[in-house]
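*Asks:* I'd like to ask you about the structure that follows.
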Amino acid sequence: MSTDETTDGIRLSILGMRCAGCVSAVEGALAAVDGVTSVSVNFADHSAMIKGQADPDALKQAIKAAGFDAAVMEGLEDPAEQEQQELQRYRKLMKKAAVAGAFGALLMSAEHLDWLPEIGSVAGRWFWPEVALITLSIMVYSGWHFYSGAYKSLTLGQANMDTLIALGTGSAWFYSCIVIEYSDTLPALAKHAYFEAAVVILAFINLGTGLETLARGKTSSAIRQLIGLQPRTARVVRDGEELDIPIEQVGLGETLRVRPGEKIAVDGVLLEGHSTLDESMLTGEPIPVEKSVGSEVVAGTMNQTGSFLFQATRIGRDTALAQIINSVRQAQSSKPEIARLADKISGVFVPVVVAISGLTFLVWYFFGPEPSLGYAFITSMTVLVIACPCALGLATPISVMVAVGRAAQSGILIRKGDALQTAGKLSCLILDKTGTVTEGKPTVSTIELLDNFTEDEVLKFAASIESGSEHPLAAAILAAAEYKQIKLEKALQFEAISGYGVTALINEQRVFFGNKALMDSKGIKFTRYNNRLEKLSALGQTPMLLAVDDKIVGIIAVSDPIKKDSALAVQRLKDLGLRIIMVTGDNQITAHAIAKQAGIAEVRAQVLPQDKAAVVKELQLQGEIVGMVGDGINDAPALAQADVGLAIGTGTDVAIESADVVILQGSLLKVPEVIALSKATVINIKQNLMGAFFYNTISIPVAAGLLYPVFGVLLNPMIAGAAMALSSLTVVTNANRLRWMKFGESK
């Protein structure tokens, strides 16, 4: 389990990042700011997530000093506006690619058809300088962002993708100018200008970046859909009048009206009316949910039939929708372990490539055939152009972004990137019983009367003492008392004994209500009732003893049926090769009865809440990679201790905050989906990294001229530019396959 802070932190949009080398520069600049505790830069969506107590202005200044621009990203951005910005950037890049490509294609065609005057001829003396000027103006228009980026990096003593492109295309232009100026002194074979190479390389790189921007934009579609769920206005009831106001002006405790077909504006509790809500975009569950007075409603969900009034309980960044969006963003920005290796390699990659390019030039210049200068220039330039580390930088973050977005669309909230990598490696899964394997909505199933107490008296004592408890079993007893309209008594000196039960003073009588361990600890005799307790437990019911003034007066058994899909989910988890263990505070007999219904062979019963984390640690010491699934406050320590903590989203906020993964609906079937997605994502990342490494491992030696001595083949710099652009596009396209993943498959 990651120990990162859970605070929202500051999210910055970074302008000017063009490769993995930029990532390390930005991370280093931000990490040096006072108050920053952790930094995660996401190259895939050009953002940075900063944790700590840093000043936003200081962060922006640090980014500017590193040669980039930054803006703080606040609130729920308009998805349409974001999409429009991406589209404008794509069009701009396409225009730059078209201008450079058109001139380059014209120059290449004219050269191929032998329409151009020779360098050094009378016609050539005025023609080629004109071409040089036109080429320079096109390079400024189509490649200024590369040259300015390279200059900024140089002033900071760094090197990045811009450095390679600027060196490659700039040297092509300068070499061509030297050829024109000193054509009389150069050998005939060296008299060749490479103006077309300079502009065609820029055309290919802009084209590749544009297509990458378009494809990369699709990776954030889940975020945009979630943001799009938030309505821009709300209808509030003020002084008896209904008003439509901007969502930002809705206050806590305000009453809001929702009509059929409208989206819920903020989180709240239904005050009046009845309806059904479509919560599928948040939970992945297509079945509409009925809502009546007292029901919770969540921002972004869609009202279907009725009209109702509700009171706002959470607004702005506190709504469930805003928290989900923030969690998805943090997960998309977080780096799994596998990504850190790529970052380290990318940080030193560009300087190494520049060194290889320089070595290539020297080898060809001193040992190559004539014209050695021409060969030296071509090969060194090709190395610079083909070795751009874009694909390497994109390999991991693009896959993480797509996977986290895909999970969110299915009602699975992945809160930490490490969980995405680790979930597929789990060897053991611990399941809490109540609310995880079972429905978590227990009902009173049996009341046994002892010592001449009536059913109403037993229920009155039990419900009165449980009125101060938040345990699910307490809710069942209180519901039974409410159904029978039993008036409760005041419980004084109430004490909840974790894992045992409760005690209080009612009508000046000391009352104990709980399990056998509670009675044993208080010296109350209960052994004569052991057979009855065991029979109830064998039926999957949880029996509790009620003692008044040190005498057992009744047994109340509560049953919590297993969820309809728990057995199927357990079987799927077994099919994935996982060891399944159910851990519960319930007694041995009841626990085994429930486990048998769910198909679970291993059970740890009568485990106190504080000992659940110890069970996780014990299994970890045995070499197991442990996942924990729970939904209660008492599961929080175990969720935090586990290698991957999975919280059932119908549970408590504390459990959800302690988890790496939150399942927004109560189905255990989502757990095998998380594991399948994890495996598919890790495979996808490895494919991307292997593809990027293979591309650079093969392409750099070929570009340097390794094949020339044997096959007489040299790589054209323009082909190198196209290959570089294609490598990045391939990585993005491969990552986007995760968007269409069918759960239940592992690939």
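The values are calculated or read from the model by the stated rules, or taken from the named source; none is laboratory data. Just so it is clear, the model here is predicted, and its values are computed rather than measured. Positions of Cβ are backbone-derived with ideal geometry, glycine not excepted, and every protein chain shown enters the neighbour counts. Keep in mind that these areas ignore ligands, DNA and RNA; they rest on the heavy atoms of the full protein, side chains included. Shrake-Rupley method; radii C 1.70, N 1.55, O 1.52, S 1.80 Å.
*Asks:* Along each of its three principal axes, how wide is the spread of alpha-carbon positions in segment 368-510, in whole angstrom units, largest first?
*Replies:* 113, 28, 27
*Asks:* Express the accessible area of the chain per residue in Å², computed with a 1.4 Å probe while the remaining protein chains stay in the model. Write out the running numbers ahead of the final one.
*Replies:* Working: 32720 Å² over 747 residues.
Here the residues of the chain average 44 Å² of exposed surface.
*Asks:* Can you tell me the Rg and the Dmax, both Å, for the Cα atoms in segment 504-620?
*Replies:* 17.0, 57
*Asks:* Lys and Arg at +1, Asp and Glu at -1: add these up for the other residues within a Cβ distance under 14 Å of G523 and post the number.
*Replies:* Once positives and negatives cancel, what remains is +2.
*Asks:* A further question on this structure: Among S559, Y695, L669, which residue has its Cα positioned farthest towards the positive end of the charge dipole of the chain, with +1 placed on the Cβ of Lys and Arg, -1 on the Cβ of Asp and Glu, and the dipole taken about the Cα centre?
*Replies:* It is Y695.
*Asks:* Going through the cross-link list K416/K563; K291/K564; K441/K679, which pairs have a Cα-Cα distance over 26 Å in this structure? Before the final figure, lay out each step's value.
*Replies:* On the way: K416/K563 28 Å; K291/K564 22 Å; K441/K679 33 Å.
Going by Cα-Cα distance, K416/K563; K441/K679 fall outside the 26 Å limit.
*Asks:* Please compute the net charge surrounding W126, taking Lys and Arg as +1 and Asp and Glu as -1 over other residues with Cβ under 14 Å from its Cβ. Could you put the intermediate results ahead of the total?
*Replies:* Working: positive: R125; negative: E118, E130, E181.
It works out to a net charge of -2.
*Asks:* Here's a follow-up. Only bridges with both residues in the chain count here: give the DSSP antiparallel percent, nearest 5.
*Replies:* Numbers: 73 of 93 bridges.
The antiparallel proportion sits near 80 percent.
*Asks:* Put D631, D643, D162, D520 in order of accessible area, largest first, 1.4 Å probe: what do you get? Don't skip to the answer; put the middle values down first.
*Replies:* Details: D631 30, D643 50, D162 0, D520 110 Å².
Reading off the accessible areas and sorting them downward yields D520, D643, D631, D162.
*Asks:* Continuing with this model, one more query. Place +1 on the Cβ of every Lys and Arg and -1 on the Cβ of every Asp and Glu in the chain, take the dipole about the Cα centre, and give the residue among A538, A376, V41 whose Cα lies farthest towards its positive end.
*Replies:* Final value for the positive-end residue is A376.
*Asks:* Restricting to DSSP H runs of at least four residues, report the calculated mean residue ellipticity at 222 nm for the chain, -39500 (n - 2.57) per run over all residues, nearest 500 deg cm²/dmol.
*Replies:* Details: 25 runs with 375 residues, N = 747.
Result for the chain: -16500 deg cm²/dmol, rounded to the nearest 500.
*Asks:* Here's a follow-up. List, in order, the whole-Hz ³J(HN,Hα) value for each residue of segment 307-320 obtained from phi through the Karplus relation with A = 6.51, B = -1.76, C = 1.60 and θ = phi - 60°; use x for Gly and Pro.
*Replies:* 10, 8, 10, 9, 9, 6, 10, 9, 10, x, 6, 8, 5, 4
*Asks:* Seen from all sides and averaged, what is the projected area of the convex hull of the Cα atoms in the chain, in nm²? Mind dumping the intermediate values first?
*Replies:* Working: hull surface 159.2 nm².
So the mean shadow area of the Cα hull is 39.8 nm².
*Asks:* Around S47, which amide H atoms from residues at least 5 apart in sequence, or from another chain, sit under 5 Å from its own amide H, with H modelled in the peptide plane?
*Replies:* Residues meeting the criterion, in which the H sits 1.01 Å from N, are I14, N42.
*Asks:* For segment 683-726, evaluate the Debye formula with one uniform point scatterer on each Cα (no solvent term) and list log10 I(q)/I(0) at q = 0.25, 0.28 Å⁻¹, rounded to two decimals.
*Replies:* Treating every Cα as an identical point scatterer, log10 I(q)/I(0) equals -0.88, -0.97.
*Asks:* Same structure, new question: So what are the radius of gyration and Dmax for the Cα set of segment 437-508, in Å?
*Replies:* According to the Cα coordinates of segment 437-508, Rg and Dmax are 12.3, 40 Å.
*Asks:* What fraction of the Cα pairs in segment 558-639, stated in percent, has a spacing above 16 angstrom? Don't jump to the answer; show the numbers that get you there.
*Replies:* Numbers: 1807 of 3321 pairs.
More than 16 Å apart: 54 percent of the Cα pairs in segment 558-639.
*Asks:* To the nearest 0.05, what FRET efficiency results for S148 and Y182 with a Förster distance of 30 Å applied to their C-beta separation?
*Replies:* After rounding, the FRET efficiency stands at 0.50.
*Asks:* Hey, got the dipole for the chain? About the Cα centre, +1 on K and R Cβ, -1 on D and E Cβ, debye to the nearest 20?
*Replies:* Details: 63 positive and 76 negative charges, 303 e Å.
I would put it at about 1460 debye.
*Asks:* Kindly provide the Kirkwood hydrodynamic radius of segment 579-710 in Å, to one decimal, from all pairs of distinct alpha carbon atoms.
*Replies:* Details: mean 1/r = 0.0571 Å⁻¹.
Final number for the Kirkwood radius of segment 579-710 is 17.5 Å.
*Asks:* Now for a different question. Within the chain, what whole-number % of the accessible surface is contributed by carbon and sulfur, with the 1.4 Å probe and all protein chains included in the calculation?
*Replies:* On the way: 18640 of 32720 Å².
Looking at the chain in its full context, I get 57 percent from C and S.
*Asks:* Please give the direction-averaged projected area of the C-alpha convex hull for segment 545-591, in square nanometres with one decimal. Please report the intermediate quantities before stating the final value.
*Replies:* Working: hull surface 18.2 nm².
If you wrap the Cα atoms of segment 545-591 in a convex hull and average its projections, you get 4.6 nm².
*Asks:* So for segment 501-603: antiparallel DSSP bridges make up what percent, rounded to the nearest 5?
*Replies:* Values: 18 of 20 bridges.
So the antiparallel bridges amount to about 90 percent of the total.
*Asks:* Arrange the residues E290, E624, E272 by how much accessible surface each exposes, largest first, with a 1.4 angstrom probe. The partial results should precede the final answer.
*Replies:* Working: E290 125, E624 40, E272 105 Å².
Heavy-atom accessible area, descending, gives E290, E272, E624.
*Asks:* Here's another thing I want to ask about it. Largest first, what is the accessible-area ranking of W173, W126, W115 with a 1.4 Å probe?
*Replies:* Values: W173 40, W126 160, W115 185 Å².
The residues order as W115, W126, W173, largest area first.
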